[in-house]
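Asker: Sharing a structure below in structure tokens format, with a few things to ask.
We did not get these values from a lab; they are worked out from the coordinates using the rules stated. Everything numeric here is computed off the predicted structure, so don't read it as measured data. Every residue, glycine as well, gets a Cβ built from its backbone with ideal geometry; the counts of neighbours run over all protein chains shown.
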There are 2 protein chains.
Amino acid sequence: MIFSYNSPSTSYLTGYGSPNTQIIVITPTYRRATRLADMTRLSNTLRFIPDLIWVVIEDGNLLVDVVSKLLDRSNVTYYYMAYKTKPGYPKRGWYQRDMALEFLRKNAAQITNGYQHSVVYFADDDNSYDVRLFTDYLRNIHRAGVWAVGLVGGAPVESPVVQNNTVIGWHVKWNPKRRFATDMAGFAVSLNLILNSNAKFGTDCKRGAGAPETCFLEDLGLTIYDLEPFGFDDQPTLSNKKKELLVWHTKTVPVKFNKTKVDFMGFMVE
Amino acid sequence: MIFSYNSPSTSYLTGYGSPNTQIIVITPTYRRATRLADMTRLSNTLRFIPDLIWVVIEDGNLLVDVVSKLLDRSNVTYYYMAYKTKPGYPKRGWYQRDMALEFLRKNAAQITNGYQHSVVYFADDDNSYDVRLFTDYLRNIHRAGVWAVGLVGGAPVESPVVQNNTVIGWHVKWNPKRRFATDMAGFAVSLNLILNSNAKFGTDCKRGAGAPETCFLEDLGLTIYDLEPFGFDDQPTLSNKKKELLVWHTKTVPVKFNKTKVDFMGFMVE
């Protein structure tokens, strides 16, 4: 493993949620033309959140210099490591998330030092995050939190179905029979659940019909009745009585070019 | 005109660039499924920048409530106004930028109150911005600044061609014969130039072959030798000697759905 760490001293927002809860954000990433733009936007959001550490896992054999420098500038406490996807792992991000989980299990004492509780969230680098997802939702999770996600799976919104503050099902277009029919962006769990289990994404997930989220959450020993739903309060914050989305599964339009034929003028392009 | 204004007191970064220079960011915006995600990301970036005001112009007849609330939460000093594109204006954003310019000309005394100098930048809501674009480039412009832009016009990078700190041409794929062959994201100008001219985007720009940037900059009375290039220092900051891009003309993959057939579960979707 190749590894890089930085712990700056400043944070920007204070007084939100429990000060004794730490947020651990896990972001798999990989080289592509739009990566630096996406990572820049995500770092601009995460640097707001106090008591947050960012575990970034490169799908590759080496750390990427320009990403290291971006993380250094971000003022976020981070761990940056490189694990190239092993054969047999089906998709980008699966193996990297598993390596991050292994890293947390092996280094929990150091990572959680000074905090009573830690919450783990898988945040892809091209999604869009409202700061309140961290301050109002993640920070207040005790066991496993779930919420709605915008612009996911070709749908405008996917959401848990909630009655009396209990999750009773899932409002999704794709494969609604999954026990946990949530996108990666739609849940976060207590680090304790991870430390007390061997849950991982693994090389496949037959139960999820290709989606690892349900396998991971099932392997943590959860049932849907254990879930803490966020964003379903009786008093909506908008005057038009609509609930707000705090995370969107956005995608950046890919940009392709022939690297051997294009003059980059000496600029850094991945 | 419908109009909304807020001026919060906190800013996050200090000590960058001239404290007597104000940055005015002009952002045309319009309803679409991905807009709230894009605007959330942009607000997460702009809230870092001290001495910045954000002029947001809705392409519509009314202010949009959820955008107003997003701006309120952003902690950025903003003006939010609605101007539906007039017939004859060719593209989204042209008319809104012109209305923002008219707003600045009519209210310059109030807007620049307390600042020796103001710099105007046109920032679309789906681009990606490095914080240093504002702190290191925009804040230090005296007249008209230019720089490279990533992922624009199907190219990985478009850039001014610079020799001895002077712009001598343009490295672009599309229509390189424009006098100012820059994307909207690649320049910012002193407010004084705008106040001392009638420059606008107008209903068309024959000289630009459809691109309004060159017409606007020509109408400000500039030649390319007036331009201040940024990011072309002799000492690159990266160890691999590549220059860094601080802004990318990213696009978010559009998400379309039939509003009459989809259940939003009570969530806010535009």
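Asker: Between the stretch B:66-112 and the stretch A:161-239, what is the C-alpha centre distance in whole Å?
Answerer: The two parts, judged by their Cα centres, are 41 Å apart.
Asker: Got the B:Thr260 label distances to the other copies yet, label 7 Å along Cα→Cβ, in nm, shortest first?
Answerer: Between copies, matching label points for B:Thr260 lie 5.3 nm apart.
Asker: Turning to a different aspect of this structure: I want the antiparallel fraction of DSSP beta bridges within chain B, as a percent rounded to 5.
Answerer: Numbers: 21 of 43 bridges.
So the antiparallel bridges amount to about 50 percent of the total.
Asker: Within 10 Å of each Cβ in peptide B:243-249, how many partner chain Cβ atoms are there on average? Round it to a whole number, please.
Answerer: Values: counts 5, 6, 8, 1, 2, 10, 2.
Per residue, the average neighbour count from other chains is 5.
Asker: Calculate the mean, over all residues of peptide A:119-131, of how many other protein chain Cβ atoms lie within 10 angstrom of the residue's Cβ. The partial results should precede the final answer.
Answerer: On the way: counts 0, 0, 0, 0, 0, 0, 0, 3, 2, 10, 4, 8, 7.
Taking all residues of A:119-131 together, the mean is 3.
Asker: Counting each DSSP H run of 4 or more residues in chain B as -39500 (n - 2.57), what helix-only mean residue ellipticity at 222 nm follows after dividing by all residues, to the nearest 500 deg cm²/dmol? Please list the in-between numbers first.
Answerer: Numbers: 6 runs with 52 residues, N = 270.
Mean residue ellipticity at 222 nm (helix-derived): -5500 deg cm²/dmol.
Asker: In degrees, nearest 10, range 0 to 90: what is the angle between the Cα axis of helix A:65-74 and the longest Cα principal axis of chain A?
Answerer: Here the helix axis deviates by roughly 50 degrees.
Asker: Which shape class, rounded, prolate or oblate, goes with the stretch B:186-270 when its Cα gyration tensor gives a ≥ b ≥ c as root eigenvalues, a/c under 1.5 marks rounded, and past that a/b bigger than b/c marks prolate?
Answerer: Values: a/c = 2.92, a/b = 1.42, b/c = 2.05.
It is oblate, given that a/c is not under 1.5 and a/b is not larger than b/c.
Asker: In nm, one decimal, shortest first: how far is the label point of A:Tyr225 (7 Å from Cα along Cα to beta carbon) from the matching points in the other copies?
Answerer: Going from nearest to farthest copy, the values are 8.1 nm.
Asker: Starting from the Cα of A:Lys259, draw a straight line to each of the aspartates and glutamates and keep only those under 18 Å, dropping any in the same chain fewer than 8 residues away.
Answerer: Filter leaves A:Glu270, B:Glu158, B:Glu244.
Asker: Hey, rough spin-label estimate for B:Arg31 and A:Phe257, points 7 angstrom out along Cα→Cβ, what's it come to in nanometres?
Answerer: Label-label distance for B:Arg31 and A:Phe257, simple model: 3.7 nm.
Asker: Using a Cα-Cα cut-off of under 19 Å, which lysines could be cross-linked to A:Lys256, ignoring same-chain neighbours fewer than 8 residues away?
Answerer: B:Lys173, B:Lys251
Asker: What lysines sit close enough to A:Lys177 to cross-link, taking a C-alpha to C-alpha distance under 23 Å and skipping anything fewer than 8 places away on the same chain?
Answerer: Partners found: A:Lys91, A:Lys200, A:Lys206, B:Lys261.
Asker: Work out the FRET efficiency for A:Asp136 and B:Asp72 from their Cβ-Cβ distance, taking R0 = 25 Å, and round it to the nearest 0.05.
Answerer: 0.95
Asker: Looking only at other chains, what is the average number of their beta-carbon atoms within 10 angstrom of each beta-carbon in A:97-104?
Answerer: On the way: counts 0, 0, 0, 0, 0, 0, 0, 0.
If you average over the peptide's residues, the count of other-chain Cβ atoms is 0.
Asker: Here's another thing I want to ask about it. Positive end of the dipole of the protein assembly as shown, charges at C-beta (+1 Lys, Arg; -1 Asp, Glu), about the Cα centre: which of B:Leu195, A:Thr250, B:Val253 has its Cα farthest in that direction?
Answerer: Value: B:Val253.
Asker: Then there is this: For B:Gly154, go 7 angstrom from Cα along the Cα-to-Cβ vector, then report the distances to that same point in the other copies in nm, smallest first.
Answerer: Inter-copy label distances (nm, one decimal, shortest first): 2.8.
Asker: While we're here: Angle, helix A:35-46 long axis vs. longest principal axis of chain A, Cα atoms, 0 to 90°, nearest 10?
Answerer: 50
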